[in-house]
Amino acid sequence: MDIEKTYMDLTKNLKNSTILKNESMSKHTSFKIGGVADILVKAKSIEDIKTILLYCKSEKHQLYVMGNGSNLLVKDNGIRGLVLIVDIDNINIEEKEETVKVIVGAGVKLGKLAGELLKRSIGGFEFASRNTRYYWRSCKNECRGTWKRDERYCS
């Protein structure tokens, strides 16, 4: 893969995404280890993701898709090819009478989603908010069968 050509092509064709060449993967993983990726793209839209997929297919580039980088180990010699991080960070909440429909982008952090739902008093997701009062209550409800045996886990 010609890194310079790929970088220029993607820069020209992608609208909202961040494109980085020779990017250290240690910046994008929870373990903070790993070598460099030839090209790393943080895609901000579905259109950009489609463009990347078509480009990699037509140019026969190796494509790796990663999430938030949690529990991901990258070799010291890095990743040859293109790494795609889907970073669509939108939350759409539709409330109709007794029902709630939540549509979440692939890049939304769990804590952000929990905060939005908590602000609107939408229940069922308190476990993710880490707000002590709600977290304890939801943890107690989630592990009803084990909390008496291991109080440290649920208190």
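Bear in mind that the values in this text are calculations on the coordinates, not laboratory data. If you're wondering where the values come from, they're calculated on a predicted model, not measured in any experiment. Cβ sites come from the backbone with ideal geometry, for glycine too, and all protein chains shown count toward neighbours.
Some observations on this one:
- Gain in span if fully extended, N92 to K57, counting 0.36 nm per residue against the direct Cα distance: 9.4 nm
- Fully extended contour minus Cα-Cα distance, from S26 to L118, at 0.36 nm per residue: 29.8 nm
- Its Cα centre serving as origin, the range 1-90 has a Cβ charge dipole (Lys and Arg +1, Asp and Glu -1) of approximately 60 debye.
- Taking θ as phi - 60° and the Karplus parameters 6.51, -1.76 and 1.60, the scalar couplings of the range 18-25 work out to 9, 10, 10, 10, 6, 8, 5, 6 Hz in sequence order, x denoting glycine and proline.
- Inter-label distance, nm, simple model (7 Å from Cα along the C-beta direction), D2/V100: 5.3 nm
- Pairs beyond 20 Å (Cα-Cα), from K75/K112; K42/K109; K15/K50; K21/K42; K12/K57: K75/K112
- Test item: Cα-centred dipole of the range 1-40, Lys/Arg +1 and Asp/Glu -1 on Cβ, debye: 180 debye
- Here each label is just a point 7 Å from Cα along the line to Cβ, and for V108 and N16 those points are 1.4 nm apart.
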